[in-house]
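To start, I am sharing the structure in question, which I have written as structure tokens.
The values are calculated or read from the model by the stated rules, or taken from the named source; none is laboratory data. What you see is a predicted model, and the numbers here were worked out from it, not measured in a lab. Cβ sites come from the backbone with ideal geometry, for glycine too, and all protein chains shown count toward neighbours. All accessible areas refer to the heavy atoms of the entire protein, side chains included, with ligands and DNA or RNA removed. Shrake-Rupley method; radii C 1.70, N 1.55, O 1.52, S 1.80 Å.
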Amino acid sequence: KWTQTKMNDADCLPFILSFLDSTTESTDTLLYGSTDEVVAAIKLLLSVSIDELIASIKCDSMFTSKDVFQYSQLEDAVVSLCNILEYEDKALNFFEAGQRLTQSDKEFACIKYGENHIKTAEAFSLVKLEKIACKGARYASITALGSVFTRLSNEEKYELVRRLALRNRFVKSLLFNAKTREITYHEIASCVLSGQTIIRRKHNVEIIVKLI
């Protein structure tokens, strides 16, 4: 479908709107598609400007606390983790991912670091997180998009992450409300987060907004 859309510009805007809403139709290729399909999807996304994408956000988004980014290093979530998973012969749990990212053996710290960065990568469709029943834990593996992402230039990675971030419901709510009035991060975040958590996650959101 991404390939068909690329060939027919008349269908581009509705499909981009579908992408911003993270519909199953628009994201299945990013998660499970062939290399050719993912490359076509990336080319289509990069052909649409950030301004056009932001202008396409026409309504507020309902979000939860899970939509407010939580990570320590964005590069670890979108670059380092993809590079690790691309060359792993198995999916990784939170501890294993955190251990590889931090080069530490401190169990709790590794689990938390791995969890936060896996969930951030998952929000960008670079990683998929699945529960393996026989092991009783959730494991992360690279998606079709994540695999192709590892082979992009630094500039292409930067531009693609900017666009992928626009699917986040909290980010969309910030941008939509900022179109018509002056807002603060605290005002929007306080709908779903408590005081200290608002403060802890502020820098994460600030990085994403500046990136966009």
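When both residues are 6+ apart or on different chains and their Cβ atoms are under 8 Å apart, which pairs have a first residue that lies in the stretch 146-164 and is farther than 24 Å from residue 205 by Cβ, and a second that is polar (S, T, N, Q) and surrounded by fewer than 16 Cβ atoms within 10 Å (Cβ to Cβ)?
Short answer, once both residue conditions are applied: 147/35; 148/35; 150/83.
Out of curiosity, is residue 90 of a type in the set (D, E, K, R), under 27 Å from residue 206 (Cβ atoms) and over 16 Å from the mean Cα position of the chain (by Cα)? Talk me through it step by step, then tell me what you get.
Values: of a type in the set (D, E, K, R): yes; under 27 Å from residue 206 (Cβ atoms): no; over 16 Å from the mean Cα position of the chain (by Cα): yes.
No: the conditions fail for residue 90.
Could you grab me the full set of residues in the stretch 36-78 that are of a type in the set (Val, Ile, Thr), within 15 Å of residue 165 (Cα to Cα) and not in a helix (DSSP H, G or I)? Reasoning before the result, please.
Keep residues of the stretch 36-78 that are of a type in the set (Val, Ile, Thr), which gives 38-39, 42, 48, 50, 54, 57, 64, 68, 78.
Within this subset, residues satisfying the condition of being within 15 Å of residue 165 (Cα to Cα) are 42, 48, 50, 54, 57, 68, 78.
Passing the criteria: 48, 57, 68.
Can you find, within the stretch 106-129, the residue that is surrounded by the most Cβ atoms within 10 Å (Cβ to Cβ) among those that are basic (Lys, Arg) and under 15 Å from the mean Cα position of the chain (by Cα)? Full working, then the answer.
Our first condition is that a residue be basic (Lys, Arg); within the stretch 106-129, this holds for 106, 112, 119, 128.
Checking the rest, the ones that are also under 15 Å from the mean Cα position of the chain (by Cα) come to 119, 128.
Working: 119: 19, 128: 21.
Looking at residues that are basic (Lys, Arg) and under 15 Å from the mean Cα position of the chain (by Cα), I get 128.
If you don't mind, another one. Is the stretch 61-73 home to any residue that is over 15 Å from the mean Cα position of the chain (by Cα) and at pLDDT below 90?
Yes, the stretch 61-73 contains at least one residue that is over 15 Å from the mean Cα position of the chain (by Cα) and at pLDDT below 90.
Same structure again: Could we say that residue 76 is over 25 Å from residue 136 (Cα atoms), open to solvent by 40 Å² or more (accessible area, probe 1.4 Å) and not hydroxyl-bearing (Ser, Thr, Tyr) here? Don't jump to the end; show me each part of the working.
Details: over 25 Å from residue 136 (Cα atoms): yes; open to solvent by 40 Å² or more (accessible area, probe 1.4 Å): no; not hydroxyl-bearing (Ser, Thr, Tyr): yes.
It is false that residue 76 is over 25 Å from residue 136 (Cα atoms), open to solvent by 40 Å² or more (accessible area, probe 1.4 Å) and not hydroxyl-bearing (Ser, Thr, Tyr).
Let me ask you something else. How many residues, within the stretch 74-97, are at pLDDT below 95 and hydroxyl-bearing (Ser, Thr, Tyr)?
1
Being basic (Lys, Arg) and open to solvent by 30 Å² or more (accessible area, probe 1.4 Å) is the filter here, so list the residues in the stretch 136-168 that pass it.
Here is the first cut: in the stretch 136-168, the residues basic (Lys, Arg) are 138, 151, 157, 162-163, 167.
Selection gives 138, 151, 162.
Also, I was wondering about something else. Hey, any hits in the stretch 184-197 for a residue that's free of Cβ contacts under 8 Å to residues at least 40 places away in the same chain and within 21 Å of the chain's Cα centre (by Cα)?
Yes, the stretch 184-197 contains at least one residue that is free of Cβ contacts under 8 Å to residues at least 40 places away in the same chain and within 21 Å of the chain's Cα centre (by Cα).
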